[in-house]
Amino acid sequence: MNQVEALEKAILERAELMANECHSRAEAGRKNILREASERLHLREEKETLLAKSLADRAYLRKVQADELKLHSKMDHMRWNLVQVVVDRLQQRMQALAQDEAKYIELLKAFLQQAAKQIEEQRLLVSVNTEDLRRLKPQWETLTSSLAAGKIFELKEQSIETIGGCLITTADKRVQIDHTFEGRLTRLERKVHQALVERLLPPIGDGQAL
């Protein structure tokens, strides 16, 4: 082999070696690119999955909150209806009681005695509705003469609008005790509502499911 052939052979071998090296580097580069692309794709998928999960969780939470609001609204409406039922029944019972004259008069006397203890004034003015004024006026002095020592109960000629009971005031109207049905119901309304909430419609919670 002459020097030219030897040189050509060396060049070819060198070229082949360089080609192999380039191929190897290219293959390694391709694998690296694929790996990085795969990793980026995986990260993207994870981000999209987390985002989708976050959106789904928010949507679910909004739905749960909306359902809770609807449920509480329905429960509040039901409580209100129950309170109205109780009020209506109390009104019916008060009207029935007013028809039982003996029991009703005893109730009025109890109201007057209670007011006498709470008001220091000697002279107390008593207001009742038209029906009670008609039936109480003839017997008023007899009914009130011995209710409270040192107290004078004066039945007012002007009636008031009420289902039953009485309104007691001092002559100067600075002190007033409302023993009408409506007045006593107003004072008891919150307790009635609370009793209904506690006994009939306990609040949701403490592990109870919606």
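The values are calculated or read from the model by the stated rules, or taken from the named source; none is laboratory data. Since the model is a prediction, treat every value here as computed from it, not as a measurement. Ideal geometry is used to build each Cβ from the backbone, glycine not excepted, and the neighbour counts take in all protein chains shown. Note: areas computed on protein heavy atoms with side chains; ligands, DNA, RNA excluded. Shrake-Rupley method; radii C 1.70, N 1.55, O 1.52, S 1.80 Å.
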Sorted by average packing, counted as other Cβ atoms within 10 angstrom per residue and highest first, what order do 63-75, 124-136 take? 124-136, 63-75
Taking the Cα centre as origin and putting +1 on Lys and Arg beta-carbons and -1 on Asp and Glu beta-carbons, what dipole magnitude results for the chain, to the nearest 20 debye? 640 debye
Please report, to two decimal places, log10 I(q)/I(0) for segment 14-94 at q = 0.12, 0.25, 0.26 Å⁻¹ as given by the Debye formula with identical point scatterers on the Cα atoms and no solvent. -0.70, -1.06, -1.08
Cα Rg over Rh - the chain, Kirkwood: 1.79
If one takes the longest principal axis of the Cα atoms in the chain, at what angle in degrees, from 0 to 90 and to the nearest 10, does the Cα axis of helix 181-199 lie? 40 degrees
Based on the mean of other Cβ atoms within 10 Å per residue, sort peptides 53-59, 165-171 so the most packed one is first. 165-171, 53-59
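Expressed as a whole percentage, what fraction of the accessible surface of segment 83-189 belongs to carbon and sulfur atoms when a 1.4 Å probe is rolled over the protein heavy atoms? Present the calculation step by step, with values, prior to reporting the outcome.
Numbers: 3090 of 6540 Å².
The computed percentage sits at 47.
Express as a percent, rounded to the nearest 5, the fraction of DSSP beta bridges in the chain (both residues included) that run antiparallel.
70 percent
Would you mind getting the accessible area per residue of the chain, heavy atoms of the protein chains only, 1.4 Å probe, in Å²? If you can, show how the numbers build up before the last one.
Details: 15950 Å² over 210 residues.
With the other protein chains kept in place, the chain gives 76 Å² per residue.
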Taking Cα atoms only, helix 101-118 is inclined relative to the longest principal axis of the chain by an angle, in degrees rounded to 10, of 80 degrees
Could you point to the residue in L155, P138, L12 farthest towards the positive end of the chain's charge dipole, with +1 and -1 charges on the Cβ of Lys/Arg and Asp/Glu respectively? P138
